[in-house]
Amino acid sequence: MADNLICGIDIGSSKIATVVGIDTSETNELKIIGFNTNIARGVRKGLVVDIKEATEAVEASVEKAERMAGHKINKAFIAVGGPHISSLNSHGIVAVSNPQGEINEEDVARVVEAAKAISLSSTRRIIEVIPRDYIVDGQPGIKNPIGMSGVRLEVETHIITASTTNLKNQERILSDLGIENEGFVFSGMASSEAVLTDTEKELGIVLVDIGAGKIDLSIYVDGALSYSSSIPIGARHISNDIAVGLRVSLDSAEKIKVFLSKNLVGKKKNPQINLSELDLPENLTDVSLKTLVDGIVAPRLEEIFKLIFDEIEKSGFGQQIPSGLVITGGGALTIGMLETGKRVVGLPIRIGYPEKISGLVDEILDPQYSTTVGLLLYGKNNISVDPDGFKNFGKILKDFKIGNSVSSLKNFFKQFIP
Ligand SMILES: Nc1ncnc2c1ncn2[C@@H]1O[C@H](COP(=O)(O)OP(=O)(O)OP(=O)(O)O)[C@@H](O)[C@H]1O
Ligand SMILES: [Mg+2]
């Protein structure tokens with residue numbers, strides 16, 4: 001049973017979330033058996049800024065999740081995001097090893113390896129290589145070239161890189177806790193696994209994860225991840241604005257913000273909001289809704305959506321995303337999110353809740369845990385070889401039946417791993 005255990009740790013700017021799942025082979029269902037969320041410390045905008053504090057916070061969360069699951073966490077997938085993430089699309093080309101025969105797994109592995117040969121400074125590390133499209137003898141649009149005949153095999157890949165220093169810091173936290181790193185997963189991509197449908201990915205869509213300190217973006221075109229990036233602004237900025245605007249502490253501002261979204265979304269709105277049930281130390285009881293929502297929250301949301309819009313323009317995929325935007329992450333629940341988004345971006349928008357999972361914890365079905373749930377789904381679909389190697393070769397072989405070929409492929413990949 002322990003063989004099917006999948007664990008994920010999301011070291012966010014506001015919370016550390018640890019999740020333990022079991023992939024039941026009979027029903028092919030992923031069940032959560034352990035979960036914990038804890039206030040984050042030592043992390044800012046996705047970067048570890050204090051290793052000691054961050055390690056203590058992760059340890060506390062891991063221990064509680066372990067206790068709930070009744071299993072020790074020996075290895076885990078780790079979410080990474082923030083402005084240190086960048087991406088590029090790279091092309092690989094090889095001659096098919098046996099031009100008289102069929103394209104085999106080794107040809108596919110070789111061509112992906114060729115696409116990975118990009119010049120990269122020592123401060124950057126590749127964390128993901130995703131084949132978007134294969135081209136056989138000049139014919140594009142091939143999802144699975146194995147078994148086809150041809151002499152020239154090409155691949156279009158999407159490559160995500162991250163700051164080596166930050167990855168090392170995260171690895172240090174894990175090694176201090178005796179947890180093996182099964183792979184770094186870009187948090188925007190993890191969230192996509194949990195909230196996007198296959199149809200949305202096929203049509204073209206942007207996943208926007210609004211966390212406390214940063215916004216991670218993943219753009220899917222023709223079913224494949226084609227652009228990844230991150231914006232250094234998050235939902236905490238909205239709390240800051242409320243704190244300044246109402247002259248209250250950040251803590252109070254945070255409470256007011258969450259109260260607004262929980263109590264006012266979709267309801268008839270009175271011009272005054274009664275905050276007395278929050279029992280704030282500032283003794284603030286009545287606030288004008290117009291001041292708060294139109295005067296403070298909406299302008300910040302507008303700024304956020306303008307930045308998202310700019311990022312979409314920058315990606316070059318702006319004309320290929322008819323499905324629009326799916327907003328997730330804790331910040332997605334902010335009051336006025338959909339209205340402002342529709343107005344600024346002019347595309348369809350919905351809020352993304354994590355799905356495709358069952359188990360004992362309903363708490364996890366909240367946008368702030370999309371990345372966390374996504375780590376499990378990612379883990380389920382990917383076979384781990386080595387953190388620096390082809391952890392995602394489940395994706396390379398996306399549409400084929402992975403059977404006996406796995407072990408031979410594994411051995412093949414191993415020769416590339418130093
Ligand atoms: N119901 C809600 N209404 C409004 N805002 C909310 C709500 N729930 C959470 N948030 C906000 O979402 C943010 C936390 O989101 P999330 O948990 O996704 O961040 P994180 O993963 O810790 O951070 P990051 O991804 O930036 O590293 C906080 O700013 C919080 O105020
Ligand atoms: Mg997050």
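The values are calculated or read from the model by the stated rules, or taken from the named source; none is laboratory data. Predicted, not measured: the structure shown is a model, and the values here were computed from it. Note: ideal-geometry Cβ built from the backbone for every residue, glycine included; neighbour counts use all protein chains shown.
Just checking, does segment 292-299 include any residue being under 26 Å from the mean Cα position of the chain (by Cα) and either of a type in the set (A, V, I, L, M) or within 30 Å of V129 (Cβ to Cβ) (or both)? Yes, segment 292-299 contains a residue that is under 26 Å from the mean Cα position of the chain (by Cα) and either of a type in the set (A, V, I, L, M) or within 30 Å of V129 (Cβ to Cβ) (or both). For segment 202-214, a tally of residues being more than 10 Å from the chain's Cα centre (by Cα), at negative phi and touching a residue at least 60 places away in the same chain (Cβ under 8 Å) returns 8. A count restricted to segment 209-219 and to residues that are in contact with a Phe, Trp or Tyr (Cβ under 9 Å, 6 or more places away or on another chain) and within 16 Å of ligand 2 (Cβ to nearest atom) stands at 3. Checking the structure you have, find out if any residue of segment 259-266 is surrounded by fewer than 21 Cβ atoms within 10 Å (Cβ to Cβ), among the small types (G, A, S), out of contact with any Leu (no Cβ under 8 Å at 6 or more places or on another chain) and not in a helix (DSSP H, G or I). Yes, because at least one residue in segment 259-266 is surrounded by fewer than 21 Cβ atoms within 10 Å (Cβ to Cβ), among the small types (G, A, S), out of contact with any Leu (no Cβ under 8 Å at 6 or more places or on another chain) and not in a helix (DSSP H, G or I). Taking each residue of segment 74-86 that is within 12 Å of S187 (Cβ to Cβ) and looking for partners that are at pLDDT below 95 and within 13 Å of ligand 2 (Cβ to nearest atom) with beta-carbon atoms closer than 6 Å, six or more apart or interchain, yields G81/G46; G82/K45; G82/G46; G82/L47. Against the list (1) surrounded by 20 or more Cβ atoms within 10 Å (Cβ to Cβ); (2) over 23 Å from G379 (Cα atoms), the condition I73 fails is (2).
A search for C-beta distances below 7 Å between a residue of segment 50-70 that is β-branched (V, I, T) and any residue that is surrounded by fewer than 17 Cβ atoms within 10 Å (Cβ to Cβ) and not in a helix (DSSP H, G or I), counting only pairs 6+ apart in sequence or on different chains, returns T55/L177; V58/L177; V62/L177.
Residues that are more than 14 Å from ligand 1 (Cβ to nearest atom) and either β-branched (V, I, T) or touching a Lys or Arg at 6+ places or on another chain (Cβ under 8 Å) (or both) within segment 194-209 comprise T197, T199, I205, V206, listed in sequence order.
Restricting E53, E66 to residues that are closer than 15 Å to L177 by Cβ, charged (D, E, K, R) and surrounded by 16 or more Cβ atoms within 10 Å (Cβ to Cβ) narrows the list to E66.
For I130, the criteria (1) at pLDDT below 95; (2) not in a loop (DSSP other than H, G, I, E, B) hold in every case but one, which is (1).
Consider V155 carefully, then state whether it is within 16 Å of ligand 2 (Cβ to nearest atom), crowded, with 24+ Cβ neighbours inside 10 Å and not polar (S, T, N, Q). Answer is no for this residue.
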